[in-house]
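Below you'll find the structure, written out as structure tokens, and then a few comments.
Nothing in this text is a laboratory measurement; each read-out follows from the coordinates by a stated rule. On a predicted model such as this, the values are computed, not experimentally measured, just so you know. No Cβ is skipped: glycine too gets one built from the backbone with ideal geometry, and neighbour counts run over all protein chains shown.
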Amino acid sequence: MTLRHPSRGRARLDALLVLALVGCEATAPPRRETDERAAVADEGERPDDDDRREHDEPREREPREAGLRHGGDTRERDEGAPDEGSDEGAVDDAAPRDCTAGETVPLGTEPARAIAVASSEHGRLVVLDRAEGGFIALAADDGAEGATARREIPRARGEIVLSLEPAGDRFLLLGRAPCTSAGLATECIVARSISVAGGITSGPPLEVALPERIRTMRIATSRSLLYLARSHAGAPPGLERFEVGDDGLVTHVRRALGEAIPEDEPVEILGLVADGAGWAVLYRHGATEDARSAVVLATQLDEHEVGELHDALLVEAMAWVGTSLAMIVAFEFARPSWVRVGADGEVLTAPRALPPRGEPPLPFAGRRTAHIVGHAGARALEVRDAMGDRVGERIVLGAGTADAARTSEGFLVALLSTDGAVSLRTITCP
């Protein structure tokens, strides 16, 4: 996904301010590509985070969040989210910030081209995407060396991993593949459940045709539900809801978005949050620089334009607060702003720029997201707060490809080294 990420722009802006103080002249830097969990489809290889992630990649995977859950990408509502009328706008400077890395735990050797990981109270699951054959699923116990179970999962022709998420007492694996069913669709999402209880079992795949290839996307999860908000280059945006049943079968419901938007008008998914059957999507139609463009808040009830967010680049964090939405929104060449918006699109608290350092306001204080950065020869994990600011130093992972999943204590990182060695590493965030 190519979403613009303002964090580098903000860093450059800070540098410009320093130059201005000493009497130097400077010009504003160009807008940079962003890195939150929006995604634009590629040919299957995930771009480096340094190239930046609200980069367009299908598994914008989305940054993983600690203690909430996917931000910007808030995957689900914080259990401690305040109710209406609370002091959720208060800044918290006292929360600890540094995360620590545990020992590397080897799982074995499985040559593959990509890796995905997910973790829940029901177990840990690693899925490997090989160039040929099916996906390889590995189950792992906390701290134990070697995989406790291994299974090959058949896949559709040309399918690549899009996302792997917890879903109730199972996991939900989403793949992206050329459509095999009749019709004009150019791309399909393939959804299947995976259980690690007593070994690894996989449910039957569900194929969902899309109007065309995904341009930008966001993913949010809540209990046994997974929501995927998507946009395309030449088709209206939409929301896909997948639910995993007790029998492991996956069901699907589609919700059209922006039905009045011309098909050739660019649309960008800026943010997504879900809490059970309730959901909210923030998206832009039209070019950012175009005064005729608009930022729209869509919920399960209806859609409303939010004029105060016209210049927003992306949502760093998003959460339900009672019947309204609290957001940390990034704007070009400015610090992220805290804003509260009603489900009817009315701005209840005007955007307020947040200072660097310290913790953001409630309900986002203590929230962390994990980002895999670097290149294939030198991967690292970068932890950020809900404002998109880096927390502590990068954690070196090594050469290869990696993925990170949220846990109750921080993150679980899976690394696929260049020689095919698979390993896990626990990251603890206070």
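Could you point to the residue in A287, V267, V196 farthest towards the positive end of the range 187-290's charge dipole, with +1 and -1 charges on the Cβ of Lys/Arg and Asp/Glu respectively?
V196
Counting other C-beta atoms within 10 Å, and keeping those with at most 14, which DSSP coil GluC sites (Glu not before Pro) do you find in the range 280-333?
On the way: sites: E289, E303, E305, E308, E316, E332; in loops: E289, E332.
Qualifying residues, ordered by number: E289.
Pop out the ³J(HN,Hα) list for the range 420-430 in order, Karplus 6.51 cos²θ - 1.76 cosθ + 1.60 with θ = phi - 60°, rounded to Hz; leave Gly and Pro as x.
With coefficients 6.51, -1.76 and 1.60, one gets x, 6, 10, 8, 10, 8, 8, 10, 9, 10, x Hz.
Taking H as built 1.01 Å from N, whose amide H comes closer than 5 Å to the amide H of L397, not counting residues under 5 places away?
Here the answer is R379, A380, L381, since their amide H atoms fall under 5 Å of that of L397.
Given axes a ≥ b ≥ c from the Cα gyration tensor, I'd like to know whether the range 128-248 is rounded (a/c under 1.5), prolate (a/b larger than b/c) or oblate.
Numbers: a/c = 2.17, a/b = 1.61, b/c = 1.34.
Verdict is prolate for the range 128-248.
Dipole size in debye (nearest 20) for the range 179-310 around its Cα centre, Lys and Arg Cβ +1, Asp and Glu Cβ -1?
Details: 11 positive and 19 negative charges, 88 e Å.
So the magnitude is around 420 debye.
Using the Cα centre of the range 231-297 as origin and beta-carbon charges of +1 (Lys, Arg) and -1 (Asp, Glu), tell me which of A233, G276, T251 is placed farthest towards the positive end of the dipole.
Going by the charge dipole, the pick is G276.
Figure the gain on full extension for R292 and A378 (residue separation times 0.36 nm, minus the Cα-Cα span) and round it to one decimal in nm.
Working: separation 86, 0.36 × 86 = 30.96 nm, distance 4.31 nm.
The span from R292 to A378 would gain 26.7 nm if fully extended.
According to a simple spin-label model (label point 7 Å from Cα along Cα-to-Cβ), what is the distance in nm between A131 and E346?
My value for the distance between the label points is 5.9 nm.
Spin-label point model (7 Å from Cα, Cβ direction): what's the E393 to A144 distance in nm?
Going by the 7 Å Cα→Cβ label model, 3.4 nm.
About the Cα centre of the range 363-430, how large is the charge dipole given +1 on each Lys and Arg Cβ and -1 on each Asp and Glu Cβ? Please answer in debye to the nearest 20.
On the way: 8 positive and 7 negative charges, 22 e Å.
With only Lys, Arg, Asp and Glu charged at Cβ, the dipole is about 100 debye.
Near the amide H of V391, under 5 Å away, which other amide H atoms are found, from residues 5 or more places off or on another chain, if H is placed in the peptide plane?
When sequence neighbours closer than 5 places are left aside, the close amide H contacts are V383, R384, D385.
According to a simple spin-label model (label point 7 Å from Cα along Cα-to-Cβ), what is the distance in nm between R357 and E152?
Inter-label distance under the simple model: 5.6 nm.
Let me know the charge dipole size of the range 320-377 about its Cα centre in debye, to the nearest 20, where only the beta-carbon of Lys, Arg (+1) and Asp, Glu (-1) is charged. Mind showing how you got there, number by number?
Values: 6 positive and 4 negative charges, 54 e Å.
Rounded to the nearest 20 debye, it is 260 debye.
Of M327, M387, how do they rank once you tally other Cβ atoms within 10 Å and put the fewest first? Let's see the in-between values first.
On the way: M327 33, M387 25.
In increasing order of surrounding Cβ atoms, one gets M387, M327.
Between S408 and T251, what is the FRET efficiency for a Förster distance of 22 Å, r being their Cβ-Cβ separation, to the nearest 0.05?
On the way: r = 28 Å, r/R0 = 1.26.
Result of the calculation: an efficiency of 0.20.
Using +1 at the Cβ of each Lys and Arg and -1 at the Cβ of each Asp and Glu in the range 92-155, identify which of A114, A140, I153 lies farthest towards the dipole's positive end.
With unit charges placed on the Cβ atoms, the residue in question is I153.
Give me the net charge of S195's neighbourhood, meaning all other residues with Cβ under 10 Å from the Cβ of S195; Lys, Arg count +1, Asp, Glu -1.
Numbers: positive: R170; negative: D169.
It works out to a net charge of 0.
Just check the range 192-328 against the gyration tensor rule for me: Cα atoms, a ≥ b ≥ c as the square roots of the eigenvalues, rounded for a/c under 1.5, and otherwise prolate or oblate depending on whether a/b exceeds b/c. Don't jump to the answer; show the numbers that get you there.
Details: a/c = 2.57, a/b = 1.66, b/c = 1.54.
Prolate.
May I ask for the distance between the Cα centers of the range 278-313 and the range 111-145, given as a whole number of Å?
A separation of 37 Å, based on Cα centres.
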